[in-house]
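Chemist: My structure is below; once you've seen it, I'll send some questions.
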Amino acid sequence: MYSTLLTRTARRVAVASPSSRLAYSYSFSTIPNQGSIPPKNTPHSTATTTASSPPYPGGVLRDSYSCPTDNAFTRFAPPQPGTEQERTGAKSSRDSLSSIERRRRQLGRVSFGLFAIGLLSGCVYLGREWSEDELVLRKSRGETIPDSRWGRTSNRFSSMFDYFSKPIWQELLPPMLPPPHQKPYTLLLSIDDLLVTSTWDRQHGWRTAKRPGVDYFLAYLSQFYEIVIFTTQHHYTALPVIEKLDPYNFFIMYKLFRESTRSSENGPVKDLSYLNRPLDRVIILDTHPEHVVTNPENAIILKPWKGESGDKGLIELIPFLESIGIYKPPDVRAILKAYEGKNIPLEYAKKEAENKQAFIEEWKARGGGKGISSGGFTFSSLFSGGAEKHQPPLPLTYLDAKRREAQNFYREEQKYIREHKGEFDALIEADRQAQANALSGPLWASVAATLGGGAPPPPAPGEDQKDAEMERRTERTRREAKLAYRVWGRGLSTHRGWENKI
């Protein structure tokens, strides 16, 4: 048996002359199978026929039967690297986009253009000149005020990303009261381990103890300072404690909680630049230095109180704070800087004793106490023989005189509170009862009472009857709808039963 392979190849040969030749080659090759008999020589084993008249002018069509020397499938092999590819003239896929793709590209270009316009407009808006309010606010905080357009743009842009780390308000305290109602200085007090301390055990749970002398500390210093509670606790945990410290709101002017602090990596920070008070007249007492890292020059860091009985930390600090309120220095930060790192109560007591001793010596040097009452002739000396001499009282310093006035004012204020304690308690109870009644009513009435600060107004005449009639109609409609639903349900169950039977 012989197997025959027919291969047909077509080649177009281009020549320099205008004429072209088209040659077709037909090749038959016989491949003997293993174990087969070789073929006999025949006249037609090899034949070549040449066309006598070419079909094209200047061309020759030749048919030949020969054994090919190349592989018949080389035309399907990939092109060799470095060979030049012929341009077929086919249309590129990039030039034949669908309508959806063209619409998508147009939409992308329009979106990019709008984004660029918005970005440019935002940069122009952020680079505008500073307003008067912005200048006043930044000057009060001691912040740098850039003058260039790029500086204003970058400053305003960076301030947009610290929104959640800033205090909730730009000004934590309301504007200052007109004189003489406004106290000259502001005293910020923490709660934890300064005024109170809290402990927990399995038997009693949470228990909070007041520090010894805290009531006198708040009541007495409220004459010289605008006392503000500034705590890192949330209002729902700190407010009950503050109400116990000052139940009648006599001494504590304002209360600032966790939302008034600035967030940082080390925890909440009390940024005094948002306080809306001049920082040269602000003092803050705290037990945690990390809470006052932004304004350490205004801070007095005290040792935390952990419930020790007989503690006198607050009482010992009163003379120092009292002297600032009496002498009224223009900038308290310079005084706090002088006592930085020292035991303030002890150092101030030494300083006050030295000043008092110098005042007495100066008084004596001016001839104080040498009058009649200092040992001169008196009628009592006739009977006593002159053995007894009366020492004149020492004069009071300016600090002692003002301190005596403050003590008298404190006693009068405490007396007034004791005499009217029943009235204050009745007002507090009435306010609490009004809030309970407002919350027990309808929702909108409770909201109105909360926003308006009082109980809702009484209904107009006839409103109760209208409401009762409306309720009766609503109840009647509800019963009719329920009855109709029952009838419809029975009919539906009957139809379903017939369907099952069918």
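The values are calculated or read from the model by the stated rules, or taken from the named source; none is laboratory data. All values derive from a computational prediction rather than experimental measurement. Virtual Cβ from ideal backbone geometry, glycine too; neighbours counted across all protein chains shown.
Chemist: Which members of the stretch 164-203 meet the condition of being free of Cβ contacts under 8 Å to residues at least 12 places away in the same chain, of a type in the set (A, V, I, L, M, F, W, C) and closer than 20 Å to L221 by Cβ?
Modeler: Passing the criteria: only L177.
Chemist: Next question. Just give me the residues in the stretch 249-281 being small (G, A, S) and exposed (fewer than 15 other Cβ atoms within 10 Å of the Cβ), in sequence order.
Modeler: Scanning the stretch 249-281 gives S263, S264, G267.
Chemist: Sticking with this structure for a sec: For the stretch 170-205, enumerate the residues that are more than 30 Å from the chain's Cα centre (by Cα) and farther than 27 Å from R281 by Cα.
Modeler: T199, W200, D201, R202, Q203, H204, G205
Chemist: On to the next question. Taking the stretch 304-351, which residues are at negative phi, part of a loop (DSSP other than H, G, I, E, B) and free of Cβ contacts under 8 Å to residues at least 40 places away in the same chain?
Modeler: Scanning the stretch 304-351 gives E308, P329, Y339, E340, K342, N343.
Chemist: Under 6 Å by Cβ, and 6 or more places apart or on different chains, what pairs join a residue from the stretch 398-411 that is more than 22 Å from F359 (Cα to Cα) with one that is part of a helix (DSSP H, G or I)?
Modeler: Here the result reads Y410/Y220, each pair linking the stretch 398-411 to a residue that is part of a helix (DSSP H, G or I).
Chemist: Next question. Only one of these conditions is not met by Y327: (1) more than 19 Å from S190 (Cα to Cα); (2) in contact with an Asp or Glu (Cβ under 9 Å, 6 or more places away or on another chain). Which number is it?
Modeler: (2)
Chemist: Collect the residues in the stretch 263-273 that are more than 16 Å from Y185 (Cα to Cα) and at pLDDT 90 or above, keeping them in residue-number order.
Modeler: P268, V269, K270, D271
Chemist: Turning to a different aspect of this structure: With modelled with pLDDT under 85 and over 30 Å from Y125 (Cα atoms) as the only criterion, which of P247, P184, P240, P180 stands out?
Modeler: Just one listed residue meets the conditions, P180.
Chemist: Could you tell me whether any residue of the stretch 186-207 is basic (K, R) and under 16 Å from W305 (Cα atoms)?
Modeler: Within the stretch 186-207 (the criterion being basic (K, R) and under 16 Å from W305 (Cα atoms)), the answer is yes, since at least one residue qualifies.
Chemist: Moving to a separate point now. Quick check on the stretch 311-322. Is at least one of its residues in the same structural domain as Y225 (by TED's automatic domain parsing) and either loosely packed, with under 15 Cβ neighbours inside 10 Å or at pLDDT below 90 (or both)?
Modeler: Yes, the stretch 311-322 has at least one match.
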